1. Rounded to the nearest 0.05, what FRET efficiency do residue 79 and residue 51 have when you use their Cβ-Cβ distance and R0 = 25 Å?
2. For the pair residue 2/residue 417, report the inter-label distance in nm, with labels modelled 7 Å from Cα in the Cβ direction.
3. On a 0 to 90 degree scale, rounded to 10, what angle separates helix 48-59 from the longest Cα axis of the chain?
4. Can you give me the distance in nm between label points at residue 211 and residue 331, each placed 7 Å from the Cα along the Cα-to-Cβ direction?
5. For the chain, take the longest principal axis of its alpha carbons; what is the angle in degrees between that and the long axis of helix 263-272, to the nearest 10 within 0 to 90?
6. For the chain, take the longest principal axis of its alpha carbons; what is the angle in degrees between that and the long axis of helix 192-203, to the nearest 10 within 0 to 90?
7. Once a ≥ b ≥ c are taken as the square roots of the eigenvalues of the Cα gyration tensor of segment 22-230, is the result rounded (a/c under 1.5), prolate (a/b larger than b/c) or oblate (a/b not larger than b/c)?
8. Roughly what % of DSSP beta bridges within segment 241-353 run antiparallel, to the nearest 5?
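A short reminder: the numbers here are calculations on the coordinates, not readings from a lab. Quick caveat, the model's predicted, so the values are computed rather than measured. Reconstructed Cβ throughout: ideal geometry from the backbone, glycine too, with neighbour counts over all protein chains shown.
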Ligand code: UD1
């Protein structure tokens with residue numbers, strides 16, 4: 001297992017190219033299963049979760065080629081030959097469940113391994129199954145697999161999500177595009193990645209109204225055609241590097257990022273004392289003064305994203321005064337707290353809230369990554385800490401961040417990957 005050695009204390013300065021959004025690319029890759037024509041995707045990030053989705057779609061029968069001159073350009077073509085998503089792939093990545101809606105809509109049947117729980121919570125998939133059942137699917141759970149069938153095809157309906165789910169909204173939108181008649185989704189998730197999915201589906205010929213709202217109307221069509229689409233920038237990668245500028249007291253240009261999708265994150269950065277400016281094709285982020293503690297509550301978009309919670313925890317651990325973070329999306333998303341405390345942070349967890357008492361400085365220590373975003377919070381702490389931090393289990397990070405050590409080193413960080 002690879003490790004990172006980080007020597008902290010240097011303010012970062014320079015430009016970082018922000019890649020395509022993992023959480024947009026994963027459902028959009030699953031759209032390749034919705035057509036027999038060619039889907040060409042640009043700006044696909046080269047990270048482990050994308051390789052996993054690549055392998056999953058390939059084993060369903062599609063051919064996938066990656067451009068030699070542009071490794072972020074993927075082309076999908078061919079027919080589905082197998083509608084089963086096996087345990088050995090789904091267990092690596094929960095987002096594999098996103099093939100369920102497309103397979104069911106195209107093949108009239110699908111067998112998809114149930115994803116288990118994960119480090120940040122139990123993460124059930126009941127809403128995915130309830131929404132697909134409302135569209136007419138017959139679903140049974142058998143031997144750890146979801147067996148779904150709709151031999152006469154899916155039929156449009158009105159479905160009200162009892163609470164907001166990003167993945168269930170995506171699965172249902174994809175399935176409804178090929179259902180007979182009109183589907184209305186109420187209390188749908190509104191994340192920018194869902195808007196990107198809708199844009200891609202529309203360019204494939206889908207008829208979807210209400211993009212960016214909680215009410216989506218989808219008129220089913222007989223077939224979707226091929227399309228070209230470029231994946232939206234990754235707002236979480238952008239927010240993460242913005243925290244790196246903030247915690248090190250540096251200045252970064254985050255190239256390709258747009259402030260319009262980062263409202264709650266930029267508001268929180270500015271409240272903390274980190275300045276953010278939109279330039280033509282970049283966000284400039286810098287800190288010149290001291291950091292101030294703030295209170296944050298995670299919420300579905302447009303609220304503050306749970307995927308930025310761990311990174312802000314690192315930032316707030318060296319901010320003046322007390323801060324509180326309330327996590328409302330996942331029940332077990334404070335695994336980074338004991339590791340940050342080992343580096344000198346003063347954080348107490350009470351149920352779904354954490355109280356952070358800002359300290360003057362952190363000190364490097366050996367720490368362990370527990371999940372994707374938690375890993376980066378430890379890197380951020382390591383970049384600000386005095387001395388050396390050794391981060392173990394870097395594979396969590398490689399699932400969602402491309403070329404971390406290259407991007408940080410180019411801005412003056414001392415970070416080295418030790419391969420094992
Ligand atoms: C997606 C993102 C993830 C992000 C999360 C919340 C991808 C690939 N992943 O995950 O990075 O942290 O949104 O913004 O896009 N729930 C149920 N039943 C369901 C579905 C969800 O109870 O059927 C619960 C979950 O356990 C969680 C909450 O609903 O507590 C929100 O989860 P959801 O929005 O579905 O997250 P994901 O789509 O898994």
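1. Working: r = 22 Å, r/R0 = 0.89.
Step by step, r from the Cβ atoms, then E = 0.65.
2. 0.2
3. The two axes meet at around 10 degrees.
4. It is 3.7 nm.
5. Result, in degrees: 10.
6. 30
7. On the way: a/c = 1.33, a/b = 1.14, b/c = 1.17.
The shape class here is rounded.
8. Working: 11 of 16 bridges.
About 70 percent, rounded to the nearest 5.
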